[in-house]
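Where a number appears in this text, it was derived from the coordinates with a stated rule and is not lab data. These figures come from a predicted structure and were not determined experimentally. Note: ideal-geometry Cβ built from the backbone for every residue, glycine included; neighbour counts use all protein chains shown.
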Amino acid sequence: MVRLDSVGLRYGDGPEILKDVSFYLQPGSLCFLTGPSGAGKTSLLRLLFLALKPTRGLIRIFDKDVSQVSRWELPLLRRRIGVVFQEFRLLDHLTTFDNVALPLRVMGQREDSYRADVMDLLKWVGLEDQAQAYPPVLSGGEKQRAAIARAVISKPELLLADEPTGNVDPVLAKRLLHLFMELNRLGTTVFLATHDLKLVSQGKGSVLHLEKGILKAA
Amino acid sequence: MTRSKKFRTGPIIPPEAAPLRALTVTMTVMCYLACLAIGALILIDRAVESWTSGLSREVTVQVRLMQNADNDKELAKAKVLLETTVGVTNVEVLEREAGAKLLEPWLGTGNLDDLPIPRLIRVTINETAPPDFVALDKQLKKSVSGASLDTHRRWEAELTRMARALSTLSYAILALIAISAIAMVIFATRTVLDANRQVIDVLHLVGAKDSYIAHQIDSRFLRTGFTAGLLGVGLGVLTFFLLGLSGTMGAGGVADASRGLLFAPPEIAVWSYGILFSVPIIATVICLVTSRMALIRMLRSVL
């Protein structure tokens, strides 16, 4: 599913943020990436959702070497990956419904073909009543759930989440964890970056620990 | 909320972010200037056609008054010679006053009886089978004392050269307008992209293709180009109309030319209006193609 071999990353002429990172994610696995703030978790996720290219090393996603992926293939690969951003990145001018439906819309699907699926998912994440609300009026937890719904609406094979419980209370954090575990049970490979060790202990997955850009098996 | 409820999906790129009002205004001005340049081109073209067709249908024979010669007899000889020349369809000897009238701008309206004003013969020729002018000129000089042939060729060449220079200038203005319009559209495209950078990043990350994102934006440029084109042509036609009202009929100048442009015979008007109303189409194509190419190029620089 995902393989990294001796991956290094630096921004411009700055210091190396990731150093010789190597790991393999099995299809259908659940994996937590832990580490303190500034350890390089977000940078590693950005490499995985193809928003960055590594300075060195090899990344293979869905058996494709990302350095060889053409501009034309890139969107097709990204459609197989769902991403939950730490800062949500919902579009403020679109309703919750439209935000969640965005991945389907960019694939060219018509509104009447995905309406029922989007409403079902909104119901599943408890946002059915907020379907026509705009992100600025949603609470932090609601935004988080909307971002998760957007990440999974297209049934991605790989789900990446950056601090998905960072802005919610412990009760909601537990609910969201169960949601990820349920998705994993349905076959999605889930990779969660978090510094919440309590959350990690509640989940049943492998753990990778990142510290100062160096990856260690926890 | 029920599932049967119809949602109205919002535009993916927010319309209020980086509106294209400034581009609409500048493109309207460009289209207006393009209309004026096109109007000038049409008028120059028609004027040249009218001059040259008039000049190429006629030639003039001038018979200078010679001392010790029977000038009326020489004039009659010239007339006979011309009437028997193949390719000549009509010969008209102009009265002495006609020659005097031509000299009025230089000599005034005083008594010109004492001056040896040359007599003029207007010769209408068959345009498709004109006479051999070199042979005719030789024949006239040989047979008629003081006669010379003026084919207006030098005058026609001067007019054509001037008209060509004006036409080239108009084409150059049109080219500059098009280049400016392209530059403005590229600048506006960059502004729209910069204003929507966050949205475009999210669209990329959820799997949108560059062509999909470009389509969300370039449809606005299409509307802008068409609106600006129509406004520009409207203002251009209004300008010609107001110019047409500004002078008296038949007085010549810009007023008559504007009237000639707007109220031409149908076979000419179809062309004139067709070319003028091609401006919105060209403006739309410039906006659409330029913004699409600029967008794809700029989007490719984003991972």
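Using equal-weight Cα scatterers in the Debye expression, the normalised intensity of segment A:130-172 in log10 at q = 0.17, 0.34 Å⁻¹ is -0.52, -1.20. The smallest convex shape that holds all Cα atoms of segment B:30-129, its convex hull, gives 126 Å³ per residue.
Restricting the calculation to Cα atoms, the protein assembly as shown yields a radius of gyration followed by a Dmax of 40.5, 133 Å.
Within the set of other residues whose C-beta is less than 9 Å from the C-beta of A:Gly126, count the net charge using Lys and Arg as +1 and Asp and Glu as -1. Can you show the working numbers first?
On the way: positive: A:Lys123, A:Arg145, A:Arg175; negative: A:Glu128, A:Asp129, A:Glu142.
Local charge sum for A:Gly126: 0.
For segment A:169-218, what does the alpha-carbon gyration tensor say about shape, rounded, prolate or oblate, given a ≥ b ≥ c as the root eigenvalues, a/c under 1.5 as rounded, and a/b over b/c as prolate? The shape class here is oblate.
Taking Lys and Arg as +1 and Asp and Glu as -1, the other residues whose beta-carbon sits under 11 Å from that of A:Ser154 total +4. Kirkwood analysis of the Cα pair distances in segment A:112-218 returns a hydrodynamic radius of 14.9 Å.
Under the classification rounded if a/c is under 1.5, otherwise prolate if a/b is larger than b/c and oblate if not, where does chain B fall, given a ≥ b ≥ c as square roots of the Cα gyration tensor eigenvalues? Let's see the in-between values first.
Numbers: a/c = 4.23, a/b = 3.51, b/c = 1.21.
Prolate.
What does the net charge come to around A:Glu211 if you take all other residues with beta carbon closer than 12 Å to its beta carbon, with K and R at +1 and D and E at -1? Can you show the working numbers first?
On the way: positive: A:Lys19, A:Lys41, A:Lys212, A:Lys216; negative: none.
Net charge around A:Glu211: +4.
A helix-only calculation puts the protein assembly as shown at -18000 deg cm²/dmol for mean residue ellipticity at 222 nm, using -39500 (n - 2.57) for each DSSP H run of at least four residues, averaged over all residues. Taking a straight line from the alpha carbon of A:Lys198, these lysines sit under 16 Å away, with near neighbours fewer than eight places off in the same chain left out: A:Lys174. Here is the P(r) of chain A: all C-alpha pair distances, binned every 5 Å from 0, give 1, 7, 15, 19, 20, 16, 12, 7, 3, 0 in whole percents.
Here the dipole of segment A:1-155 is about 420 debye; that uses its Cα centre as origin and unit charges on the Cβ of Lys and Arg (positive) and Asp and Glu (negative). Within the same chain, lysines fewer than 8 places from B:Lys79 are excluded, and of the rest, those with a Cα less than 29 Å from its Cα are B:Lys101, B:Lys138, B:Lys141, B:Lys142.
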